[in-house]
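Colleague: Supplied in structure tokens, the structure appears directly below.
Every number in this text was worked out from the coordinates using simple rules, so none of it is lab data. Note that the structure is predicted; figures quoted are calculated from it, not measured. A quick note on method: Cβ atoms are made from the backbone with ideal geometry, for glycine too, and the neighbour counts reach across all protein chains shown.
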Amino acid sequence: MAVVSVTDLSYTYQFNTNSSGSSVLKDISFSINEGDLLGVIGPNGAGKTTLFSCMLGLLKNYKGEIKIFDQDIRKNSFVLQNIGYIPQQKSIDQGFPATVQEIVSLGLIGRKSVSKDKLADALQMVDLSGQNQRRIGELSGGQQQRVLIAKALVHEPKLLILDEPTTSVDVETQNKFYSLIKNLNQKNNISIIWASHDLDAVNKIASKVMCLNRNMFFHGETSKFFANDELIRMYSESSMQLHMHSHLNANKNPDSIQRTDNDAPMYTSHPANMK
Amino acid sequence: MVFEILQYSFMQRALLSGVVVAATCSVVGLFLVLRRQSLFGDALSHAAFGGLAVGLFTSIYPLWTALVVSVLASLGITKLRQSTRIPPDAAVAIMLSSGLAVGIVLISLSGGFSLDLESFLFGSILLISMQDQIMILILCAAVLLIVIKLYRQLVYITFSEDQARVSGINVSGLNYLFIGLASLAVIASLRLVGVLLISSLIVIPNITAMMFGKGFKKTAIISIIIAVSSVLVGIVVSYIANLAPGGIIVLLSIFILLGSISIRSITKKTKSDKDDITSLSEAA
């Protein structure tokens, strides 16, 4: 049974009723099996977050079909409860008064009681035992990210979706995070879909790679992608093209600024050399 | 003298109403402040002002008309935020000035401010009737019970709407419900604090509590203690000094805020001095 099966997925953002909109995903099809760790790579604006938003039921007006554990998410949204989601890192307001334990327990919403053992286990998994009474705003960016992972893990999901979780954290924290997701995948047998710009980390950790650039131009074994110079060259070129396209669109239509990012990575050298 | 004051039935009504209003405003206010919606209280109270004027103009019990107008305004403001391109602060400004404009037009039509309308603007202890008190108690009880029941869901949408949505929470419905509850809290506070100062009761105790509270629940409890103390002392002082209670209550809560900021900066400095001394002695 496929954990995730996506067929002919397309999504277009409608900025206003008069425009034809901005197509972000076109005919994406892929699937992952139990125990897979899929690295999703692609420049900013390539559609990674949009893909995840469709899979999580946050965006509903997509074309195509998304099945999680063989259930169409449009017909059975309860299946989404099997997913743990960690969004892009945003710093949490320092004044936010909730403790680590209160945040992690939010992952158990819908359950009749909050098991303290489960909370402790989740915090131990992310190496934050003993920090449960600290205010989340007082923690470092890396620690906050681990709290969010604990929140995602506490309801024992079978699938984790991580959207660029290590943006704006230091290298040491990134490395700890990579070990953590590797352990979760291998020891706890949790299937993981992980968007990242860190090609080196994806090469080392992911079992499969999907390369997105609004269209999907590769989905398969990690080793096959990184051994193929032609694919990596295509990836670099498509990143550059999307970056330029984003700039042109931003100049034409101020609305599109929200959907593009001036920090899109420009691979001036071969990505394989960035390791 | 304080015990003597407590013998008066209007003071008993004012104090009882004050306690429940303070507790309700602090609990609702904590979510509003953390959701960056501190000015919603102002917008809702000004919309309620329009509703009060409608009630006084049509000789309907004004708190009922204020309730209807304020709830409609709260739903309107949420709809504006969710479905149009109007920025949230602009939506608040629109609602605030619309309520005030309706109120002013109706006041002009009825020939000027009446004593009753003035008491709603600045708050009054003497004018809290038994009918007002029953309404205040019912509104506050309803708001507190619903917030307690939906506490974790409300914390979740305050922390992250997207993550709450992924967990299966009906975020849009909960937003409408919460703003509706906030408008009920505003209506319950109108008699005591007055239209012009309600948002301070919603915001200031929570800002103070957030400096000390470790955890959402503890912060809410500290905020309730600060708000209830300010309201109780404020009501007694305003009676003794014959001043509008709203102003005294807000000044007291500001005094507590300033005191807390001073204490915090002193303790922070002492802690950092101690840390410096420890580091120096360790280095030596």
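Colleague: With n ≥ 4 as the cut-off for DSSP H runs, can you work out [θ] at 222 nm for the protein assembly as shown, using -39500 (n - 2.57) per run divided by the number of residues, rounded to the nearest 500?
Modeller: Numbers: 21 runs with 329 residues, N = 559.
Theoretical 222 nm ellipticity from helices: -19500 deg cm²/dmol.
Colleague: What does the convex hull of the Cα atoms come to per residue for the protein assembly as shown, in Å³? Present the calculation step by step, with values, prior to reporting the outcome.
Modeller: Numbers: hull volume 109.8 nm³, N = 559.
So the per-residue Cα hull volume is 196 Å³.
Colleague: Could I ask something else about it? If R0 is 35 Å, what FRET efficiency do you get for B:Asp89 and A:Asp117 from their C-beta distance, rounded to 0.05? Could you put the intermediate results ahead of the total?
Modeller: Details: r = 44 Å, r/R0 = 1.27.
About 0.20, to the nearest 0.05.
Colleague: Find the relative contact order for region A:32-132 and round it to a whole percent, using C-alpha pairs within less than 8 Å whose residues are 6+ positions apart.
Modeller: Here the relative contact order equals 13 percent.
Colleague: In 5 Å bins starting at zero, report the fraction of Cα pairs in region B:187-235 per bin as a rounded %.
Modeller: The percentages, shortest bin first, are 5, 22, 27, 23, 14, 8, 1.
Colleague: Cα axis of helix B:198-212 to longest principal axis of chain B: angle in degrees, 0 to 90, nearest 10?
Modeller: The angle comes out at about 10 degrees.
Colleague: Can you put B:Ile261, A:Ile66 in order, fewest other beta carbons within 10 Å first?
Modeller: Placing the least packed residue first, the sequence is B:Ile261, A:Ile66.
Colleague: Quickly rank B:229-241, A:191-203, B:266-278 as a protection proxy: mean count of other C-beta atoms within 10 Å, highest first.
Modeller: Highest mean packing first, the order is A:191-203, B:229-241, B:266-278.
Colleague: Running Debye on region A:87-150 with equal point scatterers at the Cα sites and no solvent, what base-10 log of I(q)/I(0) appears at q = 0.16 Å⁻¹?
Modeller: After summing over all Cα pairs, the log10 values are -0.47.
Colleague: Using label points projected 7 Å from each Cα along Cα→Cβ, tell me how many nm separate A:Asp27 and A:Glu156, to one decimal.
Modeller: About 4.3 nm separates the two model spin labels.
Colleague: Treat every Asp and Glu Cβ in region B:207-284 as -1 and every Lys and Arg Cβ as +1, leave all other atoms uncharged, and give the resulting dipole magnitude about the Cα centre to the nearest 20 debye.
Modeller: 220 debye
Colleague: Ranked by Cβ crowding within 10 angstrom, fewest neighbours first, how are A:Lys208, A:Lys90, A:Lys75 ordered?
Modeller: With the sparsest Cβ surroundings first, the list reads A:Lys75, A:Lys90, A:Lys208.
Colleague: Determine the equivalent ellipsoid of region B:144-284 by diagonalising the alpha-carbon gyration tensor, then write out the semi-axes as square roots of 5 times the eigenvalues, largest first, rounded to whole Å.
Modeller: Rounded to whole Å, the semi-axes are 33, 28, 10.
Colleague: Further, regarding this structure: Evaluate the charge dipole of region B:2-203 about its Cα centre and quote only its size in Debye, nearest 20, assuming +1 on the Cβ of each Lys and Arg and -1 on the Cβ of each Asp and Glu.
Modeller: Details: 10 positive and 8 negative charges, 121 e Å.
Roughly 580 debye for region B:2-203.
Colleague: Another question about this same structure. How high is the relative contact order of region B:8-81, in percent, with contacts defined as C-alpha pairs under 8 Å that are six or more residues apart?
Modeller: Reported relative contact order: 21 percent.
Colleague: For region B:2-203, taking Cα atoms only, what is the radius of gyration to one decimal and the Dmax to the nearest whole Å?
Modeller: 17.1, 57
Colleague: Step through the residues of region B:147-153 one at a time and calculate ³J(HN,Hα) from phi using the Karplus curve (6.51 cos²θ - 1.76 cosθ + 1.60, θ = phi - 60°), rounding each to whole Hz and writing x for Gly and Pro.
Modeller: Going residue by residue, I get 5, 5, 5, 9, 3, 5, 5 Hz, with x marking Gly and Pro.
Colleague: Taking the Cβ-Cβ separation of A:Ser140 and B:Ser59 as r and a Förster radius of 51 Å, what is the calculated FRET efficiency to the nearest 0.05?
Modeller: Calculated transfer efficiency: 0.25.
Colleague: Before anything else, pin down the relative contact order of region B:2-203: Cα pairs under 8 Å, at least 6 apart, normalised by residue count, whole percent.
Modeller: Reported as a whole number, the value is 39 percent.
Colleague: Give me B:Phe40, A:Phe52 ranked fewest to most by other Cβ atoms within 10 Å of their Cβ, as a rough exposure proxy.
Modeller: Ranked by crowding around the Cβ, least crowded first: A:Phe52, B:Phe40.
Colleague: Now for a different question. For all pairs of alpha-carbon atoms in region A:64-106, what percent lies in each bin of width 10 Å, listed from the first bin to the last filled one?
Modeller: 20, 35, 24, 19, 1
Colleague: In the protein assembly as shown, if the dipole is taken from +1 on Lys/Arg beta carbons and -1 on Asp/Glu beta carbons about the Cα centre, which of A:Ser29, B:Gln37, B:Ala53 is farthest to the positive end?
Modeller: Result: B:Ala53.
Colleague: With only Lys, Arg, Asp and Glu charged, each at its Cβ (+1 for the first two, -1 for the last two), find how big the charge dipole of the protein assembly as shown is about the Cα centre; round to the nearest 20 debye. Intermediate values should be presented prior to the final figure.
Modeller: Working: 46 positive and 39 negative charges, 147 e Å.
My answer is approximately 700 debye.
Colleague: Could you work out the mean count of beta carbons from other protein chains within 10 Å of each residue's beta carbon in B:206-215?
Modeller: 3
Colleague: On C-alpha positions alone, give me the angle between the axis of helix B:88-109 and the longest principal axis of chain B, in degrees, nearest 10.
Modeller: 30 degrees
Colleague: Further, regarding this structure: Roughly what angle does helix B:40-58 make with the longest principal axis of chain B, taking Cα atoms, 0 to 90 degrees, to the nearest 10?
Modeller: The answer is roughly 10 degrees.
Colleague: Choose one of B:Ala164, B:Gln12, B:Ile148: the residue whose Cα lies farthest towards the positive end of the charge dipole of region B:2-203 (beta-carbon charges +1 Lys, Arg; -1 Asp, Glu; about the Cα centre).
Modeller: Most positive-ward Cα: B:Ala164.
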